[in-house]
Amino acid sequence: MKYFTKEVKIALTAIVALVLLFIGINFLKGVNVFESTNTYYVKFKNVNGLCVSNPVYANGYPVGIVRAINYDYQRGEHVMVTVELDDDMRVPKQTTAELESELMGGVKMMLILGPNPADNLAPRDTIIGGLHHGTMDKVGAMVPAVEKMLPKLDSILASVNILLADPALTHTLHNAEAITADLKQTSARLNQLMQNEVPSTLTHLNRTAANAEQFTDQLARVDVEQTIENVNHTLQGVQQLTSHLNGVASGLDAKMKSTDNTLGLFLNDTSVYDRLNATLGHADSLMIDLKAHPKRYVHFSVFGKKDK
């Protein structure tokens with residue numbers, strides 16, 4: 001126990017503290033010092049804000065971290081990024097890496113795995129990297145077009161303001177409100193009609209259909225041949241009656257034209273007309289004289305004295 005002097009204890013405590021500090025720093029960086037990893041190199045032309053200890057994802061799952069970023073000072077064309085991936089991670093050939101910007105300003109590396117999982121890269125091999133053209137890049141590409149559209153949008157907004165300030169629009173809205181109220185009343189009346197009138201109408205229609213069906217059944221039971229035969233007999237009787245009436249009319253016409261009867265003489269003898277005409281003339285003269293000299297024909301006295 002004489003070896004554990006105060007100086008040794010202080011040294012051991014410092015060493016343990018340094019180890020814990022190293023483990024804690026790596027833990028905060030996302031590095032697990034107790035797990036084995038494989039190192040790969042990714043070549044970029046632009047790291048676009050990538051930092052050490054940024055996570056590396058494959059299919060959306062974190063499989064490693066960025067350990068170092070080194071610039072190619074000799075050629076000045078590429079930036080070599082050292083990444084450490086989990087020991088169980090297999091990187092197929094033709095795998096590429098993309099840097100994707102996050103909404104909060106960070107950058108993450110996405111591995112686009114190759115098509116053949118059986119043919120893998122060896123540790124410390126180089127992967128080609130590039131930038132991911134995501135939504136933010138597309139928005140940036142749309143900025144010039146949006147800037148060109150701003151003057152048109154200003155003119156459109158000015159036209160909209162003029163339209164909104166027009167009293168005709170307010171009047172139109174009031175008319176639309178009135179039309180909406182009328183439509184609401186019409187809808188209520190239509191609902192009432194559907195609830196009250198339509199069922200009763202359907203009931204009447206059903207009764208009418210039942211009566212029509214009953215009438216059709218009765219009509220089907222009618223002896224059509226017998227009915228037609230009766231109609232034919234009736235038509236024959238009507239035809240005979242017509243022939244008889246024609247005969248009577250012919251006989252009456254012949255008697256009216258003949259002079260051997262009183263009616264024929266009255267209709268065909270002109271002397272009867274002349275005598276009748278003369279009689280009417282005498283009656284007319286008598287009426288005229290009666291109006292002119294009524295005392296010749298009528299004698300009237302209150303005291304019974306005759307007028308001379």
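log₁₀ I(q)/I(0) of the stretch 58-119 at q = 0.13, 0.18 Å⁻¹, via Debye over equal Cα point scatterers, no solvent, to two decimals?
-0.43, -0.79
By accessible area of protein heavy atoms, probe 1.4 Å, what ranking do 282, 78, 171 get, highest first? Show your work: numbers first, answer last.
Working: 282 135, 78 45, 171 115 Å².
From most exposed to least exposed: 282, 171, 78.
Roll a 1.4 Å probe over the protein heavy atoms and report the accessible area of residue 231 in Å², nearest 10.
Surface open to solvent at residue 231 totals about 70 Å².
Roll a 1.4 Å probe over the protein heavy atoms and report the accessible area of residue 132 in Å², nearest 10.
70
Could you give the radius of gyration (one decimal) and Dmax (whole number) of the Cα atoms in the stretch 75-213, in Å?
35.5, 105
Quick one: pull the percentage of alpha-carbon pairs in the stretch 33-78 with a separation above 13 Å.
Beyond 13 Å sits 65 percent of the P(r) for the stretch 33-78.
Leaving out ligands and nucleic acids, and using a 1.4 Å probe, what accessible area per residue does the stretch 136-243 come to in Å²?
Using a 1.4 Å probe on heavy atoms only, each residue of the stretch 136-243 averages 89 Å².
From the protein chains alone at 1.4 Å, what is the descending order of accessible area for 89, 194, largest first?
Accessible-area ranking of 89, 194, largest first: 194, 89.
Would you mind computing the Rg to Rh ratio of the stretch 172-229 from its alpha-carbon coordinates, Kirkwood style for Rh?
Ratio of gyration radius to Kirkwood radius for the stretch 172-229: 1.53.
Please work out, to two decimal places, the log10 of the ratio I(q)/I(0) at q = 0.21 Å⁻¹ from a Debye calculation in which every Cα of the stretch 140-298 carries one identical scatterer.
So the normalised log intensities are -1.27.
The values are calculated or read from the model by the stated rules, or taken from the named source; none is laboratory data. This structure is a prediction, so every number in the text was calculated from the model and none was measured. Note: accessible area is taken over every heavy atom of the protein model, side chains too, but ligands, DNA and RNA are not part of it. Shrake-Rupley method; radii C 1.70, N 1.55, O 1.52, S 1.80 Å.
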